[in-house]
Each structure stands twice: as C-alpha cells, then as structure tokens.
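Down below is the structure, laid out as structure tokens.
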Amino acid sequence: MTKKSVVTEAQEIQLAIELINLGARLQLLESETSLSRERLLKLYKELKGVSPPKGMLPFSTDWFITWQPNIHSSLFINIHKYLVEHAQISGIEAVMKAYKLYLEQVEPEPGGEPVLSLTRAWTLVRFFESKMLETACCSKCGGEFVVHRLDLNHDYTCGLCHMPSRAGKTRKAREDAASASASAPASTQA
Ligand SMILES: [Zn+2]
C-alpha cells in the first residue's frame, strides 16, 4: 500500500467539504474519496453541526420515473451529458458541476430542499452507467427524458406533454385525496 501524499489528502478533504455542502450522504463520500469513515464523520459534523443521516441510500430506479422527479432528473442528466461531452470533465467532478447548474435552473426556495438531492443525482448517473436507465426522446416536444431501459419507449411522450391521466388506481386515489384537501400546500418532499 502506498502512503497517501499530503497534497492528495488535502484535495480529498476539499472535495469532501464541497460534497457535504451540496448535501452528500456518507455513502457518496465514502465511495468518492479514500478518506476514512471516522474522518468523514468528523468533517460532516463540523460542517453541518449534526451527524449524517443513517440508513441505506434509496436504490430503486422507480423514483426517477415518477412524474415530478422525472422532470428534475431529466434536466440534470441532460446538463451532465452536455458537460461530459463538451467540457472534458467526468466522474464526481461532472456530477458536482452539473448539480450546481441544475440548482441554478430550479432555484429552490431559501431553506427549501431541491426535488433532486446531490446523492440522488449521483445515484442517477450510476444507473445510467450500469444501463438500467437511459433517455428517450419525447415524440411531442423532442426533449430527452429519463426512462427505464427495458420499457418500450418508441412513441414516448414525456410528463410535460402528457400529464398522467391514463393513471392506475394509486394515482386516482391520490388525486381524489388531493381534491378533497385542495387547500393544502403542495409539497416537493418525496
Ligand atoms: Zn415532451
């Protein structure tokens, strides 16, 4: 095992700080830096004043396909794809840069949470790399949207051009519940 240089370590700490400030979970930090779990926990606490949330990351591809997350995920992945193709960046650097541009586009309210967290965005890129998700071109607007790779996506229509109405029971039940409490403010929390 080679001894880590001080410069490399300083760069990794810098990267971890940036990731934590963007909302990264511990699993993301552990897989993108070689810093020990103890150091990462300490760093996290120092920056955020609290311990990182425990528990596993959400690993399902389905979240990215649901209506509102799909629009945010598609926006992010298009920015990411553009940067990888045109800005000669890759890996975590591309994810971070694309995520910052995504935040500029969606401008979450001060103190509010963006629909797509950094950890979700990072997971999304991994789902693309493992070819579980891909983009399909909307036959109406021509935009590229996140879809399951194994679904039939010819003649695909995106969630903006076609609001979900063909909807199964779950959706119907949710809409009934929503109209019953129409005055309740909409929440972006999943
Ligand atoms: Zn469309």
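Number of residues in the stretch 45-65 that are free of Cβ contacts under 8 Å to residues at least 24 places away in the same chain and closer than 15 Å to Gly159 by Cα equals 1. Of the helices (runs of 4 or more DSSP H) lying entirely inside the stretch 1-63, those containing at least 1 residues that are surrounded by 12 or more Cβ atoms within 10 Å (Cβ to Cβ) and basic (Lys, Arg) are 37-48.
Within the stretch 130-160, the set of residues being free of Cβ contacts under 8 Å to residues at least 24 places away in the same chain, in a loop (DSSP other than H, G, I, E, B) and either buried (at least 16 other Cβ atoms within 10 Å of the Cβ) or more than 9 Å from the ligand (Cβ to nearest atom) (or both) comprises Ser130, Lys131, Cys138, Arg149, Leu150, Asp151, Leu152, Asn153, His154, Asp155, Tyr156. Here Leu57 does not fit the description of being out of contact with any Pro (no Cβ under 9 Å at 6 or more places or on another chain), of a type in the set (A, V, I, L, M, F, W, C) and either within 16 Å of the ligand (Cβ to nearest atom) or at pLDDT 95 or above (or both).
The values are calculated or read from the model by the stated rules, or taken from the named source; none is laboratory data. These numbers come from a predicted model, not from an experiment. Reconstructed Cβ throughout: ideal geometry from the backbone, glycine too, with neighbour counts over all protein chains shown.
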